[in-house]
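Note sheet for the following structure.
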Amino acid sequence: MVARGENYISDVNDGELREIIGCVLVSMGASLEAVTELDMVVICVPTPLDANLAPDLQYIESVTHELARNLRPGQLVCLESATYPGTTEEVMKPILEESGLKAGVDFFLGHSLERVDPGNKRYTIKNASEVVGGNDPISLEVAMAF
Ligand SMILES: NC(=O)c1ccc[n+]([C@@H]2O[C@H](COP(=O)([O-])OP(=O)(O)OC[C@H]3O[C@@H](n4cnc5c(N)ncnc54)[C@H](O)[C@@H]3O)[C@@H](O)[C@H]2O)c1
């Protein structure tokens with residue numbers, strides 16, 4: 001739907017979405033092989049609450065395994081899904097390092113959690129602060145620059 005410029009999110013403006021889709025720098029696809037061409041990889045897969053009201057990390061884990069197969073030196077991987085503190089370090093980092101690359105040395109690992117408050121007219125995506133974290137000082141610097 002997004003590739004066709006069809007908006008399914010109530011607080012996203014139809015015109016703004018069409019403008020972005022029409023931009024030559026934007027392309028969409030379902031394959032993660034194209035990830036090797038990217039400098040910044042932002043993960044925003046669902047994290048629904050499970051029966052114990054803890055975030056279900058199965059989507060973060062599966063996409064991180066796929067990313068590990070396509071990771072290359074110099075990339076920033078930034079998690080934006082809502083989850084508990086420690087997810088990047090305890091869950092994602094060991095999976096990504098199975099690639100043989102080391103976080104903070106060969107690639108950078110950051111997180112920047114939810115800042116969308118649907119329906120809030122005062123604080124929108126344009127004026128809400130973004131809190132950014134990094135696995136290590138260099139990752140933090142790269143994530144903040146992004
Ligand atoms: N950081 C922020 O500012 C911010 C803002 C909004 C939402 N969020 C968080 O982002 C997450 C996603 O929210 P949403 O509203 O965009 O959800 P959504 O359901 O609209 O989108 C999730 C997308 O992830 C894809 N996906 C699921 N599993 C995948 C996998 N293994 N590999 C690749 N893609 C996969 C789905 O196809 C879907 O397109 C939630 O955790 C939400 O809380 C963060």
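Any read-out appearing in this document is the output of simple, stated calculations on the displayed coordinates, not a laboratory observation. Worth saying up front: this structure is predicted, and the values here are computed from it rather than measured. Note that each Cβ is placed from the backbone with ideal geometry, even for glycine, and that neighbours are counted across all protein chains shown.
The amide H of Cys78, built 1.01 Å from its N in the peptide plane, has Val41, Val42, Ile43, Gly110 as neighbours under 5 Å, considering only residues 5 or more places off or on other chains. Bridgeable aspartates and glutamates around Lys121 (alpha carbons under 14 Å apart, same-chain partners fewer than 8 residues away excluded): Asp11. Within straight-line reach of Lys102, meaning a Cα separation under 24 Å, sit the following lysines at least 8 residues removed in sequence or on another chain: Lys93.
Derived from the Cα gyration tensor, the three semi-axes of the equivalent ellipsoid of the chain are 26, 20, 16 Å, largest first.
Over the chain, Cα pairs under 8 Å with separation of 6+ residues give a relative contact order of 19 percent. Among the GluC sites (Glu not before Pro) within the stretch 1-41, those in coil by DSSP and having at most 15 neighbouring Cβ atoms inside 10 Å are Glu6.
Springs join every pair of Cα atoms under 10 Å in this Gaussian network model of the chain, and among Glu61, Glu80, Glu98 the largest mean-square fluctuation is at Glu98.
Kindly identify the stretch 38-117 as rounded, prolate or oblate by the Cα gyration tensor criterion: order the square roots of the eigenvalues as a ≥ b ≥ c, call it rounded if a/c is under 1.5, otherwise compare a/b with b/c, prolate if a/b is larger, else oblate. Because a/c hits 1.5 or more and a/b exceeds b/c, the stretch 38-117 counts as prolate.
Within the listed set Thr124, Thr87, Thr64, the Gaussian network model of the chain (springs between alpha-carbon atoms below 10 Å) gives the highest mean-square fluctuation for Thr124. Note on the chain: helix-only mean residue ellipticity at 222 nm, from DSSP H runs of 4+ residues weighted -39500 (n - 2.57) and normalised by residue number, equals -6500 deg cm²/dmol. In order along the stretch 28-45, the phi-based Karplus estimate (6.51 cos²θ - 1.76 cosθ + 1.60, θ = phi - 60°) of 3J(HN,Hα) comes to 10, x, 9, 9, 8, 5, 5, 4, 4, 7, 8, 8, 10, 10, 10, 9, 9, 7 Hz; Gly and Pro are listed as x. 3J(HN,Hα) couplings calculated from phi for the stretch 97-102 with the Karplus curve 6.51 cos²θ - 1.76 cosθ + 1.60 (θ = phi - 60°) are, in sequence order, 6, 4, 5, x, 8, 10 Hz; Gly and Pro show x. Charge tally for Asn13 (other residues, Cβ to Cβ under 12 Å; Lys, Arg +1; Asp, Glu -1): -2. The ranking of Leu79, Leu32, Leu67, Leu49 from fewest to most other beta carbons within 10 Å of each one's beta carbon is Leu49, Leu32, Leu67, Leu79.
Our coupling estimate for the stretch 119-131, obtained by passing each phi through the Karplus curve with A = 6.51, B = -1.76, C = 1.60 and θ = phi - 60°, is x, 6, 7, 7, 10, 10, 5, 7, 10, 7, 5, 10, 9 Hz, Gly and Pro reported as x. Mind running the shape call on the stretch 1-85? Use the C-alpha gyration tensor, a ≥ b ≥ c as the square roots of the eigenvalues: rounded below 1.5 for a/c, prolate if a/b tops b/c, oblate otherwise. Here the stretch 1-85 falls in the oblate category.
List Ser99, Ser31 from most exposed to least, where exposure is judged by having the fewest other Cβ atoms within 10 Å.
So the ranking, lowest neighbour count to highest, is Ser31, Ser99.
Taking only Cα atoms and a 10 Å spring cutoff, compute GNM fluctuations for the chain and point out the largest among Arg69, Arg115, Arg18. With Cα springs under 10 Å in the chain, the top fluctuation among Arg69, Arg115, Arg18 is at Arg18.
Can you give the extra length, in nm with one decimal, that the chain gains between Glu130 and Asn13 once fully stretched, where that is 0.36 nm per residue apart less the Cα-Cα distance?
Working: separation 117, 0.36 × 117 = 42.12 nm, distance 2.09 nm.
Answer, rounded to one decimal: 40.0 nm.
Between Arg115 and Cys44, the modelled labels are 1.2 nm apart [label points 7 Å from Cα along Cα→Cβ].
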